[in-house]
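The values are calculated or read from the model by the stated rules, or taken from the named source; none is laboratory data. As the structure is a prediction and not an experimental result, all values here were calculated from the model. Positions of Cβ are backbone-derived with ideal geometry, glycine not excepted, and every protein chain shown enters the neighbour counts.
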Amino acid sequence: MRRHSQRNRNRTNEEQTPKQSAASKIARVLDVPQNVLSTMPTIELMGNKEAIVEGCKGVLEYDEETVRLNLGETILKFTGRDLALKCMTSDGVIVEGYILSIEFQSI
């Protein structure tokens, strides 16, 4: 009887564990960060002076006080002073300047 209840407890714990995506399983097996295999945009901040955005689909607005980027399902808005696009690639942007705020807007 004791073994049976232990099996039921194990089964219950397994059922409660959320299913992992294929990308997260592969990342775990390969021992790499999950974002390496993800299609989600990533943002890396260097203090409030620089932001590296990967997964950018386009620039919607750009001036010295505002930068708005299309990230697919989200618009990313930077506000600040002396903002500039330091570098642009096919899927990434580096925003530099004095960043005062970052806002996420759903499309």
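Side notes on the structure shown:
- Among residues of segment 55-77, those that are within 15 Å of Thr42 (Cβ to Cβ) and not in a strand (DSSP E or B), counted: 6
- For Val32: the one exception among (1) among the hydrophobic types (A, V, I, L, M, F, W, C); (2) modelled with pLDDT under 70; (3) not in a loop (DSSP other than H, G, I, E, B): (3)
- All positions within segment 78-101 that are within 21 Å of Met40 (Cα to Cα) and buried (at least 16 other Cβ atoms within 10 Å of the Cβ): Phe78, Val93, Ile94, Val95
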